[in-house]
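Taking it in order: structure first as structure tokens, then the write-up.
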Amino acid sequence: MSTELTRNFSIIAHIDHGKTTLSDRLLEYTQTITERQQQDQLLDAMDLEREKGITIKSHPVAMKYKAKDGITYSLNLLDTPGHVDFSYEVARSLAACEGAILMIDAAQGVEAQTMANLHLAMEQNLTIIPVLNKIDLPAADVEKSKQQLEDILAIPAEEAIPASAKNGIGIEDILEAVVARVPPPVDNDDNLLRASVFDSIYDAFRGVISYVRVFSGTIKPRQRIKLFATDKTYEVKECGVFTPKMTKRDELIAGDVGYVIANMKSADEAKIGDTLTDSTHPCLEALPGYKEIQPMVFSGIYPVDSSDYENLKTAMGKLQINDAAFTFMSESSSALGFGFRCGFLGLLHMEIIQERLRREFNMDVISTYPSVIYEVTRTNGEELIVDNPSFLPEAQEIEEIREPMVRTFIMVPSEYIGDIMSLVMEKRGELTHTETIDDTRVMLTCELPLAEILVDFNDRMKSMTRGYGSMDYEHCGYRAAKMVKMDMLIAQEPVEAFSTIVHRDKAETYGRQLANKLKDVIPQQLFVVAIQACVGGKIVAAERISAMRKNVTAKCYGGDISRKRKLLEKQKKGKEKMKQFGKVSIPQEAFIKVLKND
Ligand code: GDP
């Protein structure tokens, strides 16, 4: 069979520009799906994904389209997650396509996310079909959007297709363009099986379902297959395509996009980007582009109630079966007890996992301040990866520390350039490029340390621009930086839970903030307590808590005895939850207040 009549493509768009609406229209137009089914499909989607307006798992769909030339084509639409945390998944899905529809809201114009997504598609050499959507809106400015295509994205304006996904305008033009402009898949003629896994989901009844794109050869039930990354072999139980329901097929051939079920127990057996081949007649080399997924952000997650430790572990295990990018390891902290060190692709991924633990598993958890991963070269030449301040070697043993960087695209109204520039400087960033988008907006391209944008960058950018700014970023490697470990000493005793890796120039400010916070949450003791932020044995910030003078019952003089007893009892109870650090006892509550990241 030939692949001449197959077209594999995805839709890339900034959030809210109309990707979902257009996908639905394409399915309707090709009669792949009825309106009723559509609602069912919507209900299937995870609540959380819908709330956040993002898709995390890609759901490919096969459509049949009878084109104007009278020929019926097989179109495979691959959905892509809409967030930078999942950019590796986006890249692997795009690598399974030959073309992409680039959707731009004609009333909004090019946005930050449009840039980042387009970069990914261009890296894969995809044919780009620009679509200007929402032309039904009075505010739509097709000419201006075309100009932006040329000026900002270097895409010829005449290629753009005006459309309204909502009103069904331009849908046929888009389908015709997919058939005419997107090249058919190229079959490698040695007939050896090469299929790339671009996503996988876990089903409680059927195990792992891998989404694959076949590049050469065929996949059939009962065939023995091998995965390159793990070198494990399996027998194919079932294969098929999505129409959009999973529909069994006798075989998948070169050019096909579909699914394979093969007795895998957990999502990390079918690694995204891995190559699947026949185990008796394997291809020699894997398809290019596979990377082991590396978590970029780490945080400790602890049960609020320590008796929930085992339940938390079970819940995390269940989440991991379906999400190989989430990692966790037991860890214990003198302050928070037993918990887990967890790795995430980014902040959104972290938020999703925490939220799922709360909603789906009813877990009450505390998470510690998020931190990034550092590359460390020791003076003896040894290379280390450090995600936890306590594993950072002594300063004199460190030759160099490198921190992860991101290329950030920030689109803002021109009058805020100055404010954004100072924010970028404050966050140790560098402006690399400025581009005028139209008479009111500019796009700033900056390089920033990931650690600096983790917590409040987006919020501050949004509030500075009164909500008119938008941003997106992509990872762009590691850069040497003067990072140091900062310890917090409470009454001369280091309290590990508060140690952090910070930039040397920021240690003082951060140390002062933390000391100040601690001063408010640590109760007075019978002696003066010094709180010190310390870098390499040198104190960079300090606070003191004065000694307690009053008896706790003092204010009850004249009061009734039962109230006095109650107070004493309360004090006793509080003591039970105290952690002892040298001479000082700190209530659990204090740690939670300081570490909790709300
Ligand atoms: P996504 O985030 O890219 O998937 O965007 P959606 O498809 O969810 O669309 C975002 C919003 O724009 C929804 O309220 C849609 O109804 C609306 N929308 C999508 N396409 C059009 C269009 O062509 N015209 C108008 N006026 N609204 C549209």
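The values are calculated or read from the model by the stated rules, or taken from the named source; none is laboratory data. Computed from a prediction, not measured in an experiment: that's the story for all the values here. Backbone-built Cβ (ideal geometry, glycine too); neighbour counts: all protein chains shown. Side chains included, ligands, DNA and RNA excluded: accessible areas come from the protein's heavy atoms. Shrake-Rupley method; radii C 1.70, N 1.55, O 1.52, S 1.80 Å.
Would you say Ile171 is more than 30 Å from Val110 (Cα to Cα), at pLDDT 95 or above, outside the structural domain of Ile321 (by TED's automatic domain parsing) and open to solvent by less than 30 Å² (accessible area, probe 1.4 Å)? No, not satisfied. Examine the range 305-321 for a residue that is among the charged types (D, E, K, R), under 24 Å from Ser87 (Cα atoms) and open to solvent by less than 50 Å² (accessible area, probe 1.4 Å), and state whether such a residue exists. The answer is no; no qualifying residue exists. When each of Thr34, Thr20 is tested for being at pLDDT below 90, within 16 Å of the ligand (Cβ to nearest atom) and not assigned by TED's automatic domain parsing to the domain that holds Asp274, the lone residue that passes is Thr20.
When Asp231 is tested against (1) under 30 Å from Lys19 (Cα atoms); (2) surrounded by fewer than 20 Cβ atoms within 10 Å (Cβ to Cβ); (3) among the acidic types (Asp, Glu), just one condition goes unmet, and that condition is (1).
Within the range 329-340, residues that are β-branched (Val, Ile, Thr) have Cβ atoms under 7 Å from residues that are surrounded by fewer than 17 Cβ atoms within 10 Å (Cβ to Cβ) in no pair, counting only partners at least 6 apart in sequence or on another chain.
Kindly provide the set of residues from the range 455-476 that are within 15 Å of Phe409 (Cα to Cα) and either assigned by TED's automatic domain parsing to the domain that holds Asp85 or aliphatic (A, V, I, L, M) (or both), ordered by number. Across the range 455-476, the qualifying residues are Met461, Met471.
In the set (1) farther than 16 Å from His14 by Cβ; (2) of a type in the set (Lys, Arg); (3) open to solvent by 40 Å² or more (accessible area, probe 1.4 Å), Arg92 fails one condition alone, (3).
Considering the range 538-547, and only residues there that are over 26 Å from Glu452 (Cβ atoms) and out of contact with any strand residue (DSSP E or B) (no Cβ under 7 Å at 6 or more places or on another chain), the residue that is most open to solvent (accessible area, probe 1.4 Å) turns out to be Ser546.
Here Glu435 meets the list (1) assigned to a strand (DSSP E or B); (2) open to solvent by 70 Å² or more (accessible area, probe 1.4 Å) almost entirely, failing just condition (2).
Screening Ala180 against (1) open to solvent by 70 Å² or more (accessible area, probe 1.4 Å); (2) closer than 30 Å to Asp256 by Cβ; (3) within 10 Å of the ligand (Cβ to nearest atom) leaves a single unmet condition, (3). Inside the range 121-142, residues that are part of a helix (DSSP H, G or I) and either within 16 Å of the ligand (Cβ to nearest atom) or at pLDDT 95 or above (or both) make up a count of 2. I'd like to check something: does the range 447-461 contain any residue that is open to solvent by 40 Å² or more (accessible area, probe 1.4 Å), of a type in the set (Lys, Arg) and at pLDDT 95 or above? Scanning the range 447-461, I find no residue that is open to solvent by 40 Å² or more (accessible area, probe 1.4 Å), of a type in the set (Lys, Arg) and at pLDDT 95 or above, so the answer is no.
Out of Ser164, Ser145, Ser196, which single residue is open to solvent by less than 50 Å² (accessible area, probe 1.4 Å) and more than 16 Å from the ligand (Cβ to nearest atom)?
The unique qualifying residue is Ser196.
Any residue at all in the range 364-373 that's more than 30 Å from Gly477 (Cβ to Cβ), in contact (Cβ under 8 Å) with a residue 24 or more places away in the chain and β-branched (Val, Ile, Thr)? Yes; the residues of the range 364-373 include at least one that is more than 30 Å from Gly477 (Cβ to Cβ), in contact (Cβ under 8 Å) with a residue 24 or more places away in the chain and β-branched (Val, Ile, Thr). Residues of the range 210-261 that are of a type in the set (Gly, Ala, Ser) and either closer than 24 Å to Thr30 by Cα or free of Cβ contacts under 8 Å to residues at least 12 places away in the same chain (or both): Gly240, Ala254, Gly255, Gly258.
Would you mention how many residues in the range 413-441 are β-branched (Val, Ile, Thr) and modelled with pLDDT under 90?
Number satisfying all stated conditions: 3.
Considering only residues in the range 499-535 that are farther than 23 Å from Ser333 by Cβ and in a loop (DSSP other than H, G, I, E, B), the one that is most open to solvent (accessible area, probe 1.4 Å) turns out to be Leu526. Cβ-Cβ distances below 6 Å connect the following pairs, each with a first residue in the range 1-26 that is within 29 Å of Glu251 (Cα to Cα) and aromatic (Phe, Trp, Tyr), a second residue that is in a loop (DSSP other than H, G, I, E, B) and more than 9 Å from the ligand (Cβ to nearest atom), and a separation of six or more residues or different chains: Phe9/Cys97; Phe9/Val182.
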